[in-house]
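The structure appears below as structure tokens.
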Amino acid sequence: MNLLPAEVAAALYLFAAVCFILALKGLSGPRTARKGNALGAFGAFVAVVTVFLSTEFGGFRRWLALAAVIVGAALSVPVARRIAMTNMPQLVALLNGVGGGAAAIVGLVELAEWSGTAGYVATTATAAAILIGSMSFAGSVVTFMKLQGLMTSRPIVLPLAWLIMFAGMAITATLGVFVAVTGSFWWGLALIAAGLASGVLFVLPVGGADVPIVISLLNAFTGLAVASSGFAMPNTLMLVAGILVGASGTVLPLAMAKGMGRSVLGILFGALKGGSTAGSTQESDRPVRRATPEDVATALAYARKVVVVPGYGLAVAQAQHVLSELVTTLRDEHHVDAVYGIHPVAGRMPGHMNVLLAEANVPYELLVEAEELNPQMPSTDIVMVVGANDVVNPAAREDPQSSIYGMPIIDADYAGQVFFLKRSMRPGFAGIENELLFNEKTQLLFGDAKDSLSAVVAALKEV
Ligand code: TAP
């Protein structure tokens, strides 16, 4: 029995779609991101309830669907609540994979129900949903395993990788055509197997820092798979939601690749050309100048302008609260013009530093983007780098041989003095040495960022 008339369901679908669009708009800035997120979740809730009430379910199927909703929510809510911010990329990968897998299964179920009676347009869209959805599922599971440390995060390049890839693409495309022409469930099943294999082959050669970019790309794939499913069923909401995910998922990897000064194609196929995208973890033994927490506190207290550059290490140390305390003390008690320098790819996920600092209630107006900050660097007294490395590495500007050459950086080396807070002489994610560590302007305060910052805050009280 249908509990909602079709017209009411269509109006609610439209309402949910508007929620999704406004959610994306909200997510485009840190001030509105929370509201955007809540609006998107509300839209998804309305959509699920509408589907549930407006669908013709036979027999016990309505209860089966309800059980699926309850199990899904019961599994995902605690996971999302407990996940550490540093593990967010792998959670996104996993949830995205589930979405892709679901779109592929919906396609397969459609083929079974139609049993060869559907038109070519519907079967072609279904073939696309099955192929892209299963690729996205398998690719996301592999990226999850890479980021979770369940397998090596280095690029894996199989022997004859190009040949395997082209053969795989040819087989998959042929199976896709078979599904579109015959509408057969069995060909659909074979297409799922080929899609899963292609998804694995697609992400194996991607390694290290590039994995999060591939996750965003797979997000876009899932969007396309859902949109294809929505077109085939037909279901307007799935179509709209899929297109939105597909479009936003395409913009994100492009923005991330730009932040790293790389091309998306270079990231995807770079490893197939040979060479690795992940660098070394070797510690440098060149001499550096050391500072004590007291040195740092005194210099900061007497500075006019200070820029703090946070990076991945801040997230690892969970030192955002004590960093915020330090900056507030400098501003309020020592009248220092202290701000945060935000690099677009600092950390390991888009907006990582914004999210981290928002947790510590840092006012948005103190977050200054790299582009706006760089012209002010020569007039900045001190840059304090907290758990960042690659995003201030001058090799990106000066060394054409460097793997990060071309990546926009925060020009910390143009400031009067630099303090680096890190634990050791190990390099950052790119695995390359940072000449700024050996610059005569630079002093290092070794230790976990939270401990070092707490010591600086304590020392500041004595200044
Ligand atoms: P990184 O270059 O990775 O440097 C992080 C630094 O933090 C390391 O030098 C590490 O040195 C230090 N560190 C780690 N744990 C610490 C702790 N507990 N206390 C103090 N220091 C600690 O980070 P970044 O400058 O933020 O650059 C980000 C990198 O990730 C870039 O290469 C970027 O391309 C890549 N990436 C970013 C994204 C996005 S979207 N954000 C996505 C993929 C890749 P020690 O080990 O010596 O402490």
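The values are calculated or read from the model by the stated rules, or taken from the named source; none is laboratory data. This is a predicted model, so every value here is computed, not measured. A quick note on method: Cβ atoms are made from the backbone with ideal geometry, for glycine too, and the neighbour counts reach across all protein chains shown. Calculation scope for accessible area: heavy atoms of the full protein, side chains included, ligands and nucleic acids excluded. Shrake-Rupley method; radii C 1.70, N 1.55, O 1.52, S 1.80 Å.
Just the accessible area per residue of the chain, please: how many Å² with a 1.4 Å probe?
Values: 22010 Å² over 463 residues.
Ligands and nucleic acids excluded, the result is 48 Å² per residue.
About the Cα centre of the chain, how large is the charge dipole given +1 on each Lys and Arg Cβ and -1 on each Asp and Glu Cβ? Please answer in debye to the nearest 20.
Working: 27 positive and 30 negative charges, 183 e Å.
So the magnitude is around 880 debye.
Counting only protein heavy atoms, what percent of the accessible surface of the chain is carbon or sulfur at a 1.4 Å probe?
Its accessible area is 66 percent carbon and sulfur atoms.
Could you give each residue of segment 45-57 its phi-based ³J(HN,Hα) in whole Hz, using Karplus coefficients 6.51, -1.76, 1.60 with θ = phi - 60°, and x for Gly or Pro?
Those phi angles translate into 5, 4, 4, 5, 4, 5, 4, 4, 7, 9, 8, 7, 9 Hz.
Per the Debye formula with a single identical scatterer at each Cα and no solvent contribution, what log10 I(q)/I(0) holds for segment 223-368 at q = 0.21 Å⁻¹?
Values, matching the q order: -1.24.
Return the loop-located chymotrypsin sites (Phe, Trp or Tyr not before Pro) in segment 39-73 (DSSP other than H, G, I, E, B) with at most 15 other Cβ atoms within 10 Å of their own Cβ; answer none if there are none.
Values: sites: Phe42, Phe45, Phe52, Phe57, Phe60, Trp63; in loops: Phe57, Phe60.
Those that pass, being in a loop and sparsely packed, are Phe57, Phe60.
Long-range amide H contacts for Val309: which residues qualify at under 5 Å (H placed 1.01 Å from N, peptide plane, sequence gap of 5 or more or a different chain)?
Gly341, Met384, Val385, Val386
Leaving ligands, DNA and RNA out of it, rank His343, His334, His321 by accessible area with a 1.4 Å probe, largest first. List each step's numbers first, then the result.
Working: His343 5, His334 45, His321 105 Å².
Largest to smallest exposure gives the sequence His321, His334, His343.
Rounded to the nearest 500 deg cm²/dmol, what is the calculated helix-only ellipticity per residue at 222 nm for the chain, with -39500 (n - 2.57) per DSSP H run of length n ≥ 4?
Working: 17 runs with 275 residues, N = 463.
So the helix-based figure for the chain works out to -19500 deg cm²/dmol.
Based on the mean of other beta carbon atoms within 10 Å per residue, what is the order of 17-26, 195-204, most packed first?
Working: 17-26: 17.6, 195-204: 21.7.
By packing density, highest mean first, the sequence is 195-204, 17-26.
If R0 is 45 Å, what FRET efficiency do you get for Leu66 and Glu283 from their C-beta distance, rounded to 0.05? Walk me through the intermediate numbers first.
Numbers: r = 56 Å, r/R0 = 1.24.
About 0.20, to the nearest 0.05.
Quantify how much of the Cα-Cα distance distribution of segment 1-148 extends past 20 Å, in percent.
Details: 7033 of 10878 pairs.
Everything past 20 Å amounts to 65 percent.
Would you work out which of Thr292, Ala10, Val418 lies farthest towards the positive end of the dipole of the chain, given +1 charges on the beta-carbon of Lys and Arg and -1 on that of Asp and Glu, about the Cα centre?
Ala10
Hey, what's the per residue convex hull volume over the C-alpha atoms of segment 307-447, in cubic angstrom? The partial results should precede the final answer.
Details: hull volume 14.8 nm³, N = 141.
Measuring per residue, one finds 105 Å³ for the Cα hull of segment 307-447.
Determine the relative contact order of the chain: mean sequence separation of Cα pairs under 8 Å and six or more apart, normalised by residue count, in whole percent. Could the numbers behind the result be given before it?
Working: 838 pairs, mean separation 63.5, N = 463.
The normalised contact order for the chain reaches 14 percent.
May I ask for the angle, rounded to the nearest 10°, between helix 88-114 and the longest principal axis of the chain, with both axes built from Cα atoms and the value confined to 0 to 90°?
10
Subtract the Cα-Cα distance of Ser424 and Gln401 from 0.36 nm times their separation in residues, and report this length gain in nm to one decimal.
Details: separation 23, 0.36 × 23 = 8.28 nm, distance 2.48 nm.
Using 0.36 nm per residue and subtracting the Cα-Cα distance, I get 5.8 nm.
Taking Cα centroids, how far is segment 300-356 from segment 1-70 in Å?
About 38 Å separates the Cα centre of segment 300-356 from the one of segment 1-70.
Starting from the coordinates of the alpha-carbon atoms of segment 84-208, obtain the Kirkwood hydrodynamic radius over all distinct pairs and give the value in Å to one decimal. Write down the numbers at each step before the final one.
Details: mean 1/r = 0.0666 Å⁻¹.
Here the Kirkwood hydrodynamic radius works out to 15.0 Å.
When only C-alpha pairs under 8 Å and at least 6 residues apart count, what is the relative contact order of segment 122-245, in percent?
Values: 179 pairs, mean separation 50.6, N = 124.
Value for segment 122-245: 41 percent.
Compute the whole-percent fraction of alpha carbon pairs in segment 329-400 spaced more than 20 Å apart.
On the way: 873 of 2556 pairs.
The answer is 34 percent, as a whole percent.
Hey, which lysines would be in cross-link range of Lys441, C-alpha to C-alpha under 23 Å, not counting anything within fewer than 8 residues on its own chain?
Excluding near neighbours in sequence, the set is Lys305, Lys422.
Rg (Å, one decimal) plus Dmax (Å, integer) for the alpha carbons of the chain?
In order Rg, Dmax, the Cα atoms of the chain give 25.2, 81 Å.
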